[in-house]
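The values are calculated or read from the model by the stated rules, or taken from the named source; none is laboratory data. Bear in mind that the values here come from a model prediction, so they are computed numbers and not experimental data. Don't worry about glycine lacking a Cβ; one is built from the backbone with ideal geometry, like all the others, and counts go over all protein chains shown.
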Amino acid sequence: MADRLAFVIDNGTDTFYDGPGKIESILPQPIRVKAKQVIGYFLAHGENKPDDVSSTLVWHLPQIANTSQLILDGLTFTQDSPPKLVCSKDGFLTTVEQQMRISKIFEIHHDVDAKTGNIKTEGSILIHGDVTQGIEIVVGGDVEVRGLIEDVTIRANGSIVAKGGITGSNVGKLIAAGNIYCQFVQQANLEAMGNVLVDGSIINSNVLCGKKIVIRKRGLLVGGKTMSRDGIEAAQIGTESAVPTEIEIGCNPFKRTHIERIENEINNIEQSMKTIMVQVKHIEHELEGFVWLNSRDLATSLFSAAEFLQNEGDQLGDDKIYQTNKFGSGLMRLMRMTGEIEQLKEELKNASSKESFTKNAKLVVAKIAHPGVIVKIQDSFIKLAMEYDRGLFYYKPEAREVGFKYQ
């Protein structure tokens, strides 16, 4: 975006122009400006741009007598010829219904979608419209979205406020170093180092919370996996139809998911190694007497195959050479995977040794906890086989099990 824009009055229309020169097209995102900065020139229809204006962007204005209707707070025209459009204060140049103003923060008054593009800013951001179409927003401060959030990713170094709620088709994600507030959460992913507060319900979503989750009013917690270190409060968990709902409290969810990721990686590598081992053993059988496999000493087996190929390669046919090379390639893959597993197991050991539990974490249910819900607290869990009314689930350290008591 150039610092200077050329503005042209289109005398042939008395309504806002809705083509390429529409102000939202020229300024799809706010831009940072400084006081006394010249950002444009006001040109009469047909008047040529000054020589020092390189921008080809043109804002077609309606036929009006008073430009102050279009130029709002923080902007002013000089008495030069042609008049210059100058910023009277520091801030962000933004648009408001085809008008321009300067805001103290990164503020967008329209919907954010593919036309707007991805957003990255160091400060905080306020969006008055919806955020859709796979957009990614990365913010160094706080984020407030007053419209609906749909199928997008928002990362904030501060807190996130989603006044219109979020629905994500299991793709949308909110990630905050602070707190997250949502009107509702449906088929989305939330990660908050702080608290999570929801006015409506959390439905078929995955939530990681570093502190406490509170679902206010008559909100439901149904489906997906919800993890919170300090506890959860909800009116109802699960449904009469026993929708799979997994709840875990008392542990650091970010450490726990990190541990689970390492365990899954180890399991995937081990499964791949089993498949490769079957292939290598089959080749060993095909080349019986030429190569041999010692699963406890893969390096020696590989060296032996390489030595055999070097000494006897001239006497072998193309098929045996191909099979021997494939045998050696399989051994090298097994050796590399063995090293990867050793590193992952060491990482898993370190991560597991640092895991700690929150002693007083509780799941408080104001109304009903339905059968089928899995409640995990610290290192124990229970799958509800009946309805529980108005009570709380807690950890019983003497028995190392999940307990329940009415309130």
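Remarks
- A residue that is in contact with a Leu (Cβ under 9 Å, 6 or more places away or on another chain), part of a strand (DSSP E or B) and in contact (Cβ under 8 Å) with a residue 60 or more places away in the chain occurs somewhere in the range 220-230.
- One residue alone among ILE259, ILE249, ILE321, ILE276 is surrounded by 13 or more Cβ atoms within 10 Å (Cβ to Cβ), within 30 Å of GLU387 (Cβ to Cβ) and β-branched (Val, Ile, Thr), and that residue is ILE249.
- Filtered by the rule that a residue be small (Gly, Ala, Ser), without any contact (Cβ under 8 Å) to a residue 24 or more places away in the chain and surrounded by fewer than 19 Cβ atoms within 10 Å (Cβ to Cβ), the range 135-168 gives GLY140, GLY141.
- Within the range 296-321, residues that are of a type outside the set (A, V, I, L, M) reach partners that are part of a helix (DSSP H, G or I) with beta carbons closer than 8 Å, at six or more positions or on different chains, in the pairs SER301/LEU331; PHE308/THR324; GLY313/ILE321.
- Odd one out for LYS359 among (1) touching a Pro at 6+ places or on another chain (Cβ under 9 Å); (2) under 20 Å from VAL280 (Cβ atoms): (2)
- The range 289-338: number of residues that are within 22 Å of LYS274 (Cβ to Cβ), of a type outside the set (Lys, Arg) and not in a helix (DSSP H, G or I): 6
- Within the range 352-407, strands (runs of 3 or more DSSP E) holding 3 or more residues that are surrounded by 15 or more Cβ atoms within 10 Å (Cβ to Cβ), touching a residue at least 12 places away in the same chain (Cβ under 8 Å) and not hydroxyl-bearing (Ser, Thr, Tyr): 362-369, 373-377, 388-396
- Wholly within the range 26-101, strands (runs of 3 or more DSSP E) carrying at least 2 residues that are among the hydrophobic types (A, V, I, L, M, F, W, C) and at pLDDT below 75: 58-61
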